[in-house]
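Data block below; observations after.
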Amino acid sequence: QVQLVESGGGLVQAGGSLRLSCAVSGGTFSSYGMGWFRQAPGKEREFVATISWSGGNTDYADSVKGRFTISRDNAKNTVYLQIDSLKPADTAVYYCAAKVGFQSRTAYDYKYWGQGTQVTVSS
């Protein structure tokens, strides 16, 4: 059984930084394309960033490009999301997700999901 557990969320002031982590157990982590998504209250879940199984390919939503960095450590079965220059608009529950094979921007393509971690940015 594949399990994903996010951590690292919290309350920060605008302009601050956070580092989210997603620890994956079960399955073969190095074969998974990984993604981060977020969902703000009253809004649809949206794509944030993805990373290929090797870490060699990354992709970002335009709204976070230049401020967010996705990375992974296959030896630790963990994917990270470094979030800098936080804005109030970044307030959301952040979810990591895993799929076998190539990463995707589409939430529907992901089979495995974490429970989410709350990020709240105050102005």
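What follows is calculated from the coordinates using simple rules that are stated; it is not laboratory data. A quick note: this is a predicted structure, and the numbers were derived from the prediction, not measured. Methodologically, a virtual Cβ is constructed for each residue, glycine included, from the backbone with ideal geometry; neighbour enumeration extends over all protein chains shown.
Dipole magnitude of the stretch 33-115 about its Cα centre, charges +1 at Lys/Arg Cβ and -1 at Asp/Glu Cβ only, in debye to the nearest 20?
Roughly 100 debye, rounded to the nearest 20.
If we count every other residue with Cβ under 15 angstrom of residue 83's Cβ, Lys/Arg +1 and Asp/Glu -1, where does the sum land?
+1
Less than 18 Å from a label point 7 Å out along the Cα-to-Cβ axis of residue 40: which backbone N atoms in the stretch 59-100 qualify, by residue?
Residues 61-68, 83-95 fall inside that zone.
Quick one: if you stick a label point 7 Å off each Cα along the C-beta vector at residue 63 and residue 28, how many nm between them?
Here the modelled spin labels are 3.6 nm apart.
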